[in-house]
Amino acid sequence: MNRWLAVAVVVALVTAVHAEDQKLDAFRAAQLAERKKLGLDKDQKALFAKYPTPEVTFAAAAGGGASGKVVLCPDETKTVTLTGKLAPGSFVSIGSDDVEILKQAQTAKGWEATVHAKKTATPGAVDVSVLAPVSLAQQSVEALVIGCEHTWYVEVQGGDTLVVKTKFQAERDTTVTGEWKRGGKVVGSATFKAWANHGTLRLDQEQPQADMMGQVNAMQEMMASPEMKAIDARMNAAMKKLDGCSKLPPEKMGPCFAGPQKEMEAINKDREALMAKNEVKNSPAVGCRRLDLTAKDGKLSGEAEQCSGKRLQERVPVTGRYTAP
């Protein structure tokens, strides 16, 4: 691509992303100027009496779900309606870069608009805000939801790939089952609790009680193992040496402490190594139990933990992509 053309494309994208913010900033500036012109900038009581907080509710002119909220799929267009008291000249804004207003109009009953969700829109509730003229008193209603089906392809660095489908509606969370693949072959499945909120997705595996008890038992066995008992005995011996050093004259304490402290550093390393070995041994046979993902423009990034062959709290980078029908 020509360098100047590439620059032009980037500028156009940035302009599109910030267009709504620019409109809102311009509206606020104009209303503050009008407030001063009307002499209401120093009389809050009179200001809000003349230009009160909008009283609105949200309804679907088409496509409303059982909850009364409008569920908008990626790359879908719907008509939505605000009903209530909107003063002439009010400003209505949708709080998501994933949704654009194609056309809008204030009516005798409120406000109606045709809205469109981007093809790469991610699940989550969207606020629709109404700002009164002059006072800028604001009312926000959460009733528009980006949901429907998404497919997530998550690649754990140096490990496995998870393919999971979600179908969020008005709810903020759902339960899903995904397939873990290794070398292109399905090697396991897992059920996750999924939470989504505009550009983020969290997956927490629902573990059977027997698996959780197995992890607890494995930790208890490790703590009671001959290897850990030997480490504890070495630590007790080093502590006794330190205690003996503390009884020496001050000028001899420092040199005396050096030996036991070095021993204790080595003992702690051995303890950590034993715990790491136990955690890796009892890690999942495949995949990861928890994934925190960031989704934007069809791509995924983030981290996972409790992964196969890794320590319990080790954070493993993940990448991937997501699609919607």
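Bear in mind that the values in this text are calculations on the coordinates, not laboratory data. Keep in mind that what you see is a predicted model, and the values were worked out from it rather than measured. Here the Cβ is made from the backbone with ideal geometry for all residues, glycine too, and neighbour counts use every protein chain on show.
Here are some notes:
- Crossing angle, helix 3-37 versus the chain [Cα axis fit, 0-90 degrees, rounded to tens]: 60
- Diffusion of the chain by Stokes-Einstein, at 20 °C in a medium of 1.002 mPa s and with Rh set to the Kirkwood radius over alpha-carbon pairs, works out to 86 µm²/s.
- Compared with the dominant principal axis of the Cα atoms in the chain, helix 226-245 is inclined by about 80°.
- 11 Å beta-carbon shell around V280, net charge (K/R +1, D/E -1): +2
- The angle separating the long axis of helix 209-223 from the principal Cα axis of greatest extent in the chain is about 40 degrees.
- Inter-label distance for A26 and Q157, nm, one decimal - labels placed 7 Å from Cα along Cα-to-Cβ: 4.4
- Calculated [θ] (222 nm, deg cm²/dmol) that DSSP helices of n ≥ 4 give over the chain, each run adding -39,500 (n - 2.57): -11500 deg cm²/dmol
- Peptide ranges 225-238, 301-314 listed from the most packed, as the mean C-beta count within 10 angstrom indicates: 301-314, 225-238
- The R271 and T323 beta-carbon pair, evaluated with R₀ = 45 Å, returns a calculated FRET efficiency of approximately 0.45.
- Summary value for the range 212-281: 39 percent relative contact order, contacts being C-alpha pairs under 8 angstrom separated by 6+ residues.
- Short-range pairs are left out: with C-alpha atoms under 8 Å and at least six residues apart, the relative contact order of the chain is 14 percent.
- Residues K103 and D43, FRET efficiency given R0 of 56 Å [Cβ-Cβ distance, rounded to 0.05]: 0.90
- Förster-model FRET efficiency, 51 Å R0, S129 and K247, C-beta, rounded to 0.05: 0.10
- Between G320 and E155, L300, the built amide H atoms are under 5 Å apart, and every one of these is 5 or more places off in sequence or on another chain.
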